[in-house]
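The values are calculated or read from the model by the stated rules, or taken from the named source; none is laboratory data. Bear in mind the structure is a predicted one, so any value in this text is a computation, not a measurement. Ideal geometry is used to build each Cβ from the backbone, glycine not excepted, and the neighbour counts take in all protein chains shown.
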């Protein structure tokens, strides 16, 4: 659902409070809503104290990995000998995820404020916001907001620049993103060295996701305890999170809820449930790179880092893809595999060959040319694609394939046995 | 000069040159200005020719082969001229579930582009499928040039084509 819309009673609106309000996009409008107050105070605060507060809040990275944000910041060198950099990951490209786009469209100043605070905390003089090339509208809105706020001089000595991507999912991987900023092909780097030691331009660097950074000003404003108290299930998952719901659902859109919120309620209440006459078949709760859940698992899954792991999947980016009983799982899994094959940077053999062959075998099954042994072959391939490459793109391709075959095997078998009409793939 | 060869007009003169100079101040290396420089070329020329890649290489102190290596990595840089209206339609799973492939078919038909990646005979339209555009809740999203359009259905295609024609 687009904005403006009234939040559902069960939503906890922190980050999305000003979504749908065009005035919040302007510098004056943002200041009138209390914006940049926290930044002014933060710039006068010792960076170490800010890091401690963010650590205490329990905030974890919202890009997908869920790494504790304060801890990540604390990895930056204590003694500053070289320039420090902050890179903001606004390369939102994970299928099913469209939260950062909404943040940038409606509250560009929230991102700029969070960015400046983070830069101060890690003692960076320069921050690059890496926005995917296709996000023309968020780019234009951010550019305007940045010009206004810079003119007002709110960033102190910190310089913020926008860097436009040019079409490459892999640039959302933090080391690929840094290479892309440096004017290189977006190939992920081998770690170590980790970015805090040697990042963009070989200097100490921190990379944070958009949603992570916009959570920082409210945390500093209201205190770590306030943020930490927003947790419905596990003390390790705190605060609110935006969930992007899409696919076969009555009211697709972004919904902000407290960590630990039941996926069942997100689907059936906030998002309006299935389309008329349809039933839930499957759901991917954290963007296309995490294992698929069947109906029972979806309806008992709690949306936090631990709750998703308990159901054999991951919270990831919070991109919730819904499949109803009309969905052809074999076809959709092929589309996901094709996505990863298209987006592989082709550095690692397991990924370059694995994503391409996975796609070809799935296409073969769909066109009625598959054999029973193809399913074992796919699983064998997936095994070789997991945990063996520089980055996790290859693992991400394997996740929906393995979970898909495990949970929806009969759909694959129907194509192989000739019981289902072949489709052009 | 052989017949049919036109003298190359540099992209980085006048305003684009000034813009590039400003971009260079943002980074500690010249090389880091490569992606922005390529965007400037594409904005000025509509696509990035081998000759323009050579110019970018000269301006930034890189080799033409290096620049080509970067251009070919990123899908949004055009290595060939495209139609006046360049259409990118998302067909990744979430949009696929919501009928994105029907939108592609309708677009190919109404624009006369006929095949994906081909340009219509009047030079007006090139239509391609792209992977996730990051607007899955607004299926099916498409980019027409720099305009990001949400919630396109096959029924809306005729009106859109008319608007941009």
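Cβ-Cβ distance below 8 Å, separation of 6 or more or different chains: which pairs start in the range A:23-52 with a residue that is at positive phi and end on one that is surrounded by 19 or more Cβ atoms within 10 Å (Cβ to Cβ)?
Final answer for the pair search is A:36/A:30; A:36/A:109; A:36/A:113; A:36/A:149; A:36/A:154.
Just give me the residues in the range B:20-31 being part of a helix (DSSP H, G or I) and either crowded, with 17+ Cβ neighbours inside 10 Å or at the interface with chain A (Cβ under 9 Å from one of its Cβ atoms) (or both), in sequence order.
Result: B:20, B:23, B:31.
Looking at A:191, A:221, A:184, A:228, which one is out of contact with any strand residue (DSSP E or B) (no Cβ under 9 Å at 6 or more places or on another chain), at pLDDT 95 or above, at the interface with chain B (Cβ under 9 Å from one of its Cβ atoms) and surrounded by fewer than 24 Cβ atoms within 10 Å (Cβ to Cβ)?
Numbers: A:191 fails: at the interface with chain B (Cβ under 9 Å from one of its Cβ atoms); A:221 fails: at the interface with chain B (Cβ under 9 Å from one of its Cβ atoms); A:228 fails: at the interface with chain B (Cβ under 9 Å from one of its Cβ atoms).
It is A:184.
Criterion first (in contact with a strand residue (DSSP E or B) (Cβ under 6 Å, 6 or more places away or on another chain) and either more than 30 Å from residue A:342 (Cβ to Cβ) or within 14 Å of chain B (Cβ to nearest Cβ) (or both)) does residue A:154 satisfy it?
Spelling it out, it is not the case that residue A:154 is in contact with a strand residue (DSSP E or B) (Cβ under 6 Å, 6 or more places away or on another chain) and either more than 30 Å from residue A:342 (Cβ to Cβ) or within 14 Å of chain B (Cβ to nearest Cβ) (or both).
Taking the options A:170, A:160, name whichever one is closer than 30 Å to residue B:149 by Cα, outside any helix (DSSP H, G or I) and more than 8 Å from chain B (Cβ to nearest Cβ). Lay out the reasoning, then the answer.
Details: A:170 fails: outside any helix (DSSP H, G or I).
Within the list A:170, A:160, the selection yields A:160.
In this structure, does residue B:85 turn out to be surrounded by 20 or more Cβ atoms within 10 Å (Cβ to Cβ), at pLDDT 95 or above and more than 9 Å from chain A (Cβ to nearest Cβ)?
Numbers: surrounded by 20 or more Cβ atoms within 10 Å (Cβ to Cβ): yes; at pLDDT 95 or above: yes; more than 9 Å from chain A (Cβ to nearest Cβ): yes.
Criteria met by residue B:85.
Tell me, which helices (runs of 4 or more DSSP H) lie completely within the range A:283-401 with 3 or more residues that are buried (at least 24 other Cβ atoms within 10 Å of the Cβ), away from chain B (no Cβ under 13 Å) and touching a helix residue (DSSP H, G or I) at 6+ places or on another chain (Cβ under 9 Å)?
Correct list: A:349-366.
Filter the range B:92-105 down to the residues that are surrounded by fewer than 20 Cβ atoms within 10 Å (Cβ to Cβ) and touching a helix residue (DSSP H, G or I) at 6+ places or on another chain (Cβ under 8 Å) and list them by number.
Residues satisfying the conditions are B:99, B:102, B:105.
Which numbered condition in (1) away from every other protein chain (no Cβ under 14 Å); (2) part of a loop (DSSP other than H, G, I, E, B); (3) under 30 Å from residue A:275 (Cα atoms); (4) modelled with pLDDT of 95 or more is the only one that residue A:250 fails?
(1)
Which one of A:202, A:165, A:114 is crowded, with 23+ Cβ neighbours inside 10 Å and within 13 Å of another protein chain (Cβ to nearest Cβ)? Working first, answer last.
On the way: A:202 fails: crowded, with 23+ Cβ neighbours inside 10 Å; A:114 fails: within 13 Å of another protein chain (Cβ to nearest Cβ).
Only one candidate qualifies: A:165.
Pick from the range B:66-82 the residues that are more than 15 Å from the chain's Cα centre (by Cα) and surrounded by fewer than 20 Cβ atoms within 10 Å (Cβ to Cβ): which of them is farthest from residue A:320 (Cα to Cα)?
Filtering the range B:66-82 for residues that are more than 15 Å from the chain's Cα centre (by Cα) and surrounded by fewer than 20 Cβ atoms within 10 Å (Cβ to Cβ), the one farthest from residue A:320 (Cα to Cα) comes out as B:66.
Among the numbered conditions (1) free of Cβ contacts under 8 Å to residues at least 12 places away in the same chain; (2) under 28 Å from residue A:13 (Cβ atoms); (3) within 8 Å of another protein chain (Cβ to nearest Cβ), tell me where residue A:140 comes up short.
(3)
Is it the case that residue B:66 is in a helix (DSSP H, G or I), within 11 Å of chain A (Cβ to nearest Cβ) and over 30 Å from residue A:281 (Cβ atoms)?
Here the answer is yes, as residue B:66 does meet what is asked.
Restricting attention to the range B:44-63, report how many residues are within 11 Å of another protein chain (Cβ to nearest Cβ) and either in a helix (DSSP H, G or I) or modelled with pLDDT under 95 (or both).
Total meeting the criteria: 2.
Here is a check on your reading of the model: is residue B:116 assigned to a loop (DSSP other than H, G, I, E, B), in contact (Cβ under 8 Å) with a residue 24 or more places away in the chain, within 14 Å of another protein chain (Cβ to nearest Cβ) and under 16 Å from the mean Cα position of the chain (by Cα)? Steps first, please.
On the way: assigned to a loop (DSSP other than H, G, I, E, B): yes; in contact (Cβ under 8 Å) with a residue 24 or more places away in the chain: no; within 14 Å of another protein chain (Cβ to nearest Cβ): yes; under 16 Å from the mean Cα position of the chain (by Cα): yes.
Here the answer is no, as residue B:116 does not meet what is asked.
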